[in-house]
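Novice: First the structure, which I've put down as structure tokens, then a few questions once you've had a look.
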Amino acid sequence: MITFPNAKINLGLDIVEKRPDGYHNLETVFYPIPLCDILEITPATDKNAPEYTFKMYNAVFEGSDDDNLVIKAYKALAADHKLPKVDISLYKHIPTGAGLGGGSADAAFALKMLNDIAGLGLTAEQLRGYASRIGADCAFFIDNTPAYATGIGDILTPTPCSISGYHLVLVKPNIHVSTKDAYALVTPQKPEQPLTDIAARPIHEWKDAMKNDFEKSIFAKHPAMAKIKEQLYAMGAVYASMSGSGSSFFGIFKEEQDIEKIKTLFPGMFCWCKKM
């Protein structure tokens, strides 16, 4: 069985308050985009095989396989259910450390695939429960539809927000932003206007109202990242922002964009564009 875990972007992100457990409550809108990894899970043919084998391509994972979210998904289900021995292959196309949720998507899609392969009959609600144990934004990818997220990103409410018909451009520089450091540099505060109200406006009104609270502190530390956002607006973006805690940026355009031209404007960076 083969599936294609997709990325997400954050349409705005407000850090609302710090929690007693050290985490932060936030509000954001998760929006799925068609930038995909390739995940294959097949039942093992060798009866003497281990419970799983795992291979990853087009990326280097720092740490043991046990730390990969796909394997954590397998083990989360295996703790409660009988799973077959499987061979797992993951081809990465979604950049890592980009604020695009690639690892969370891989885990969520693995949960759904294993549910089908093993015939567990788990509901979407039950799968979201397993996903929430793996990562804060992992549950989003179970339903994989635009959602207003609160709490630590794990409380999801469907939203009719849409960028359908627009052209999306992604740019990721070779800059690593530590999520821990990103949160440490932010001063939480409740927004003047709920993000859901802003997201309900026409897209051309987002620029002056929607924000990502991580940008101010991260731009101060990495001025080159601010220039990426400026360049997206110079190209004609209706709205542009950093996604999550970075380091990728997206621009929403009315007109089709030339990927080769984009690559010349952002040399050495990961670049991608697609009509939504």
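Novice: Quick test of your reading of the structure: Val171 fulfils all but one of (1) in contact (Cβ under 8 Å) with a residue 40 or more places away in the chain; (2) among the aliphatic types (A, V, I, L, M); (3) within 15 Å of Asp14 (Cα to Cα); (4) in contact with a helix residue (DSSP H, G or I) (Cβ under 6 Å, 6 or more places away or on another chain). Name the failing condition by number.
Specialist: (3)
Novice: Hey, among the residues in the range 155-177 that are exposed (fewer than 12 other Cβ atoms within 10 Å of the Cβ) and of a type in the set (Gly, Ala, Ser), which one's nearest to Gly97 (Cα to Cα)?
Specialist: Ser164
Novice: Every residue in the range 244-261 that is at pLDDT 95 or above and among the hydroxyl-bearing types (Ser, Thr, Tyr), please.
Specialist: Within the range 244-261, just Ser248 meets the criteria.
Novice: Given the structure, is Phe30 touching a residue at least 24 places away in the same chain (Cβ under 8 Å), assigned to a strand (DSSP E or B) and farther than 30 Å from Phe249 by Cα?
Specialist: It is false that Phe30 is touching a residue at least 24 places away in the same chain (Cβ under 8 Å), assigned to a strand (DSSP E or B) and farther than 30 Å from Phe249 by Cα.
Novice: Considering the range 93-115 alone, what residues qualify as being in contact (Cβ under 8 Å) with a residue 40 or more places away in the chain and surrounded by fewer than 19 Cβ atoms within 10 Å (Cβ to Cβ)?
Specialist: Once the filter is applied, which keeps residues that are in contact (Cβ under 8 Å) with a residue 40 or more places away in the chain and surrounded by fewer than 19 Cβ atoms within 10 Å (Cβ to Cβ), the range 93-115 yields His93, Gly97.
Novice: Only one of these conditions is not met by Gly22: (1) within 21 Å of the chain's Cα centre (by Cα); (2) open to solvent by less than 60 Å² (accessible area, probe 1.4 Å); (3) closer than 30 Å to Asn212 by Cβ. Which number is it?
Specialist: (1)
Novice: Follow-up. Of all residues being touching a strand residue (DSSP E or B) at 6+ places or on another chain (Cβ under 9 Å) and free of Cβ contacts under 8 Å to residues at least 24 places away in the same chain in the range 209-232, which is surrounded by the most Cβ atoms within 10 Å (Cβ to Cβ)? Just the residue, please.
Specialist: Result: Lys229.
Novice: Sort out which residues of the range 46-92 are assigned to a loop (DSSP other than H, G, I, E, B), crowded, with 18+ Cβ neighbours inside 10 Å and in contact (Cβ under 8 Å) with a residue 40 or more places away in the chain, and write them in order of number.
Specialist: Once the filter is applied, which keeps residues that are assigned to a loop (DSSP other than H, G, I, E, B), crowded, with 18+ Cβ neighbours inside 10 Å and in contact (Cβ under 8 Å) with a residue 40 or more places away in the chain, the range 46-92 yields only Lys92.
Novice: While we're looking at this one, here's another question. List the residue pairs whose Cβ atoms are under 6 Å apart, where the first residue sits in the range 244-268 and is within 16 Å of Pro173 (Cα to Cα), the second is of a type in the set (Ser, Thr, Tyr) and in a loop (DSSP other than H, G, I, E, B), and the two are 6 or more positions apart or on different chains.
Specialist: Pairs found: Phe250/Ser243.
The values are calculated or read from the model by the stated rules, or taken from the named source; none is laboratory data. Please read all numbers here as calculations on a predicted model, not as lab measurements. With ideal geometry, Cβ positions are generated from the backbone for all residues, glycine too; neighbour counts draw on all protein chains shown. The accessibility values were calculated without ligands, DNA or RNA, using every heavy atom of the protein model including side chains. Shrake-Rupley method; radii C 1.70, N 1.55, O 1.52, S 1.80 Å.
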